[in-house]
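Only the coordinates and a few stated rules stand behind these numbers; no lab work does. Quick caveat, the model's predicted, so the values are computed rather than measured. When we count neighbours, we look across all protein chains shown, and the Cβ atoms used for this are built from the backbone with ideal geometry, even at glycine.
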Amino acid sequence: MRIGSGFDAHKFADVSEQGGPSDAGISIKLGGVSVPSEQAILAHSDGDVILHALCDAILGALALGDIGRHFPDDDEAFKDIDSRALLRSCVEMINQRNMAVVNADITLIAEAPRVAKYVDAMCAVIAEDLGTSKDRVNVKATTTEKMGFIGRKEGVAAQAVILLDSHDQ
């Protein structure tokens, strides 16, 4: 068995900084799901902190470094990429090593947006990409009680833990 942990954070930008009106309806990607948000995420990719943390957890469990090593943010090939594609690449690394997901537990840390009604969809998307059943994936959210950059709604973060097991057993 192998366990890995991952963490990611991205800062927000006002929609007006992204070239649109501040009252425009926008969404951000979290856990592979579009979630309405008042602010856009600044990132080289789609900025999905949940999937980025999960990718880092997988790479850690496999002792393969981190997401920046495999998908560098200065490589134009990954500009605006859907983070589900990154996750699927990491899952391929799991499969190449004859391993399987036992379970994944992910925590989104954010004051906004509120995600409770999107969590089930996130679990389903992640389970599909991991090639496992939904009952092996948990996504939850918490706040920082208005402390720090997250509490000031300047960004979001996520942490993930994944347990892998060998198919050989």
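Counting Lys +1, Arg +1, Asp -1, Glu -1, what net charge surrounds LEU164 among other residues with beta carbon under 9 Å of its beta carbon?
Neighbour charge sum, excluding LEU164 itself: +1.
Among the aspartates and glutamates, select those whose C-alpha is under 14 Å from the C-alpha of LYS153, and discard any that sit fewer than 8 residues away in the same chain.
The qualifying aspartates and glutamates are ASP14, GLU38, GLU111, GLU145.
Given only helices, namely DSSP H runs of n ≥ 4 each adding -39500 (n - 2.57), what is the per-residue ellipticity at 222 nm of the chain, to the nearest 500 deg cm²/dmol?
Rounded to the nearest 500, the figure is -8000 deg cm²/dmol.
Pairs LYS79/LYS117; LYS79/LYS134; LYS11/LYS146; LYS29/LYS134: which exceed 23 Å Cα-Cα?
LYS79/LYS117; LYS79/LYS134
For the chain, find the longest principal axis of its Cα atoms and tell me its angle to the long axis of helix 119-130, 0 to 90°, nearest 10.
Result, in degrees: 40.
Which of the trypsin sites (Lys or Arg not before Pro) found in segment 112-169 are in a DSSP loop and have at most 11 neighbouring Cβ atoms, other than their own, within 10 Å?
Passing both the DSSP loop test and the Cβ count: LYS146.
Can you give the angle from 0 to 90° between the axis of helix 83-96 and the longest principal axis of the chain, with both taken from C-alpha atoms, to the nearest 10?
10
For ALA13 and GLU76, calculate 0.36 nm times their separation in residues minus their Cα-Cα distance, and state this gained length in nm to one decimal.
20.6 nm
Just to confirm a number: summing +1 for Lys and Arg and -1 for Asp and Glu over residues other than ASN103 whose beta-carbon lies under 14 angstrom from that of ASN103, what do you get?
+1
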